[in-house]
Amino acid sequence: MNEWKKVKIGDVCEIIKGATGIASAEPGEYPLVVTAVERKTCSSFQFDCEAVCIPLVSSSGHGKKSLKNVHYQSGKFALGTILCAVIPNDSNELDARFLRQYLQFYKDIILVPLMKGAANVSLSMKDIATVEIPLPPIEKQRELSELFVSLQEKEKILNEEYEKQFEYTKQLRQNILQDAIEGRLTEEWRKNNPVVKGNPDFDAEALFEKIQEEKCHTDSELLRNSKKKEKSLPEITEDEKPFEIPEGWKWVRLGEIVYSVVYGTSSKCSYDSNQNSAILRIPNISLGYVDVSDLKYTNLSEIEKNELSLKENDLLVIRSNGSPEIVGKMVYVPKKFENYCYAGYLIRLRFTIPSIGFYIGNISNAKSLRNQIEEPLRSTVGINNINSDEIKYLIFSLPPLAEQAEIVSRVEKLLANVTELENQITEREEMTKQLMQSIMKDAFREV
């Protein structure tokens, strides 16, 4: 390893604070360097040179200080007031691109420890000036700079390819679910399991009639209360049907096959597990399954606890969120989460035939179903909402019970294969990142 001399940044560079207010800057022809990777624009410039731009403020997440981006900028540019420009005194002694790459690579070791503060942390220009850097011959600096630029370009190309592959797997998931609700996954299965009129296992019309009978005979207080408020649902018109369904299936509105639609509790929750009810919230189901790694609790009355206790194959629906793709997400409840309760931004759907909840939970992310939810979303101050009436109006293609079970089995297997593919892409992406880091580390060992 070569022992190049070490110098302090303040001895070989001028450090100047940015002078442009980012929020008030008038857009224009010059780049405006901010803390993010993307540049803004400005109608005036502060510098006309090559410089390394370092943020002077950052945030501390979970008590851990961090610094995301050290920038390189050349030519005429403006600089935000929360950054400083580090400008080499002699470009034939110190290459600005080399300095940026060195500081970016080792920022967690040589810059982050200099930060002061708790929630909002700061980095002083005085401390930056004391940072020692290696100073190899200028030819070596430029050689390394060219190497790093080449590596970053190759990494960018590979990352773009990984993004395309992830987009492909996302589309593959949608195609599988859409094939499921259109009956294409079980075309061959139906040849060996034809429609049997009057049998709910092989005739959706008979299944629908069975659901209506059981809804009528359900004598729970919850059902009687919902009946008083229930609005009649309009018939499904031909224009509303997005595709053809197989013989033996039936178009239904969700409200026709669900008997209980109940909002969650508005009681304040905390991490105090001594309270009598575990409460599922949006973070517990936003991934598409129940996750209790971040669980909160509250005290509920016996009446409210009985009303809001979950059962196996209930569906929890997210009714309000800033992200449209989250709103209306339906997650079925496995048996191990029975008797948990749920918060007010969720709605519980319960079915007279519980397995229907399991089926809908597995296919509810199909594109044509999501379109029904996302297209008409109302947005107030950035929050998107869906209410119980809108949920009841959603249109589903209902297969017979036996075919529902077959569909879920096939969907689970196919989506497991997609997950394995995604894991392989993630693994390759991580290997690429590690390889690039290793090459850069070996290169810096030379200096």
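The values are calculated or read from the model by the stated rules, or taken from the named source; none is laboratory data. Nothing here was measured: the structure is a model prediction, and the numbers come from that model. For neighbour counting, all protein chains shown are included, and Cβ atoms are generated from backbone atoms with ideal geometry for every residue, glycine included. In case anyone asks, the SASA skips ligands and DNA or RNA and just uses the protein heavy atoms, side chains included. Shrake-Rupley method; radii C 1.70, N 1.55, O 1.52, S 1.80 Å.
Explain nothing, just the number: dipole magnitude of the range 213-363 about its Cα centre with +1 on each Lys and Arg Cβ and -1 on each Asp and Glu Cβ, in debye rounded to the nearest 20.
In total the dipole reaches around 480 debye.
Counting pairs of Cα atoms in the range 60-118, how many percent are more than 15 Å apart?
The proportion of pairs with Cα distances above 15 Å equals 59 percent.
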- Item | Kirkwood-based Rg to Rh ratio, the range 293-346, C-alpha trace | 0.99
- Taking r as the C-beta separation of Cys49 and Asn69 and R0 as 22 Å, the FRET efficiency to the nearest 0.05 is 0.70
- Could you grab the Rg to Rh ratio for the range 224-349? Cα atoms only, Kirkwood for Rh. 1.03
- Task: Specify which labelled value, from (1) 0.95; (2) 1.12; (3) 1.09, agrees with Rg/Rh (Cα atoms, Kirkwood Rh) derived from the coordinates of the model shown.
- Result: (2)
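How much length is gained on full extension from Arg142 to Asn417, taking 0.36 nm per residue of separation minus their Cα-Cα distance? Before the final figure, lay out each step's value.
On the way: separation 275, 0.36 × 275 = 99.00 nm, distance 4.63 nm.
Taking 0.36 nm per residue and subtracting the Cα distance, the gain is 94.4 nm.
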- Between Tyr106, Tyr345, Tyr263, find the one with the highest GNM mean-square fluctuation for the chain; connect C-alpha pairs within less than 10 Å. Tyr106
- Task: Between Lys154 and Asp272, with labels modelled 7 Å along Cα→Cβ, what's the label distance in nm to one decimal, could you check?
- Result: 5.9
- From the residues Pro234, Gly255, Thr265, which one has its Cα farthest along the dipole of the range 227-307 in the positive direction, the dipole being from +1 and -1 charges on Cβ of Lys/Arg and Asp/Glu about the Cα centre? Thr265
- Message: Once neighbouring chains are kept in place and the probe is 1.4 Å, which whole percent of the accessible area of the range 1-80 is contributed by carbon and sulfur?
- Response: 49
- Mind checking which of Ser368, Leu308, Ser277 is farthest towards the positive end of the chain's charge dipole, using Cβ charges of +1 (Lys, Arg) and -1 (Asp, Glu) about the Cα centre? Ser277
- Kirkwood estimate for the range 1-156, i.e. one over the average of 1/r between Cα atoms, Å: 16.2
- Positive end of the charge dipole of the chain (Lys, Arg +1 and Asp, Glu -1 on Cβ, about the Cα centre): tell me which of Ile109, Tyr162, Leu207 has its Cα farthest that way. Ile109
- Note on the structure: With a Förster distance of 60 angstrom and the Cβ-Cβ distance between Cys216 and Gln434, calculated FRET efficiency to the nearest 0.05 equals 0.45
- Query: For the range 239-311, what number of Lys pairs, 8 or more residues apart or on separate chains, have alpha-carbon atoms under 22 Å from each other?
  - Reply: 5
- Under 26 Å from the Cα of Lys116 - lysines, other chains or at least 8 residues apart: Lys6, Lys8, Lys17, Lys64, Lys65, Lys68, Lys107, Lys126
- Query: In straight Cα distance, which aspartates and glutamates are under 16 Å from Lys197, not counting same-chain residues fewer than 8 positions off?
  - Reply: Glu205, Glu209, Glu247, Glu403
- Item | Accessible area of Phe444 in the full protein assembly, 1.4 Å probe (Å², nearest 10) | 10
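Which whole-number percentage describes the relative contact order of the chain, with Cα contacts under 8 Å and a sequence gap of 6 or more? Display every interim value, and only then the final one.
Details: 750 pairs, mean separation 68.6, N = 447.
The normalised contact order for the chain reaches 15 percent.
Of all the Cα-Cα pairs you can form in the range 93-200, what percent are over 25 Å apart?
60
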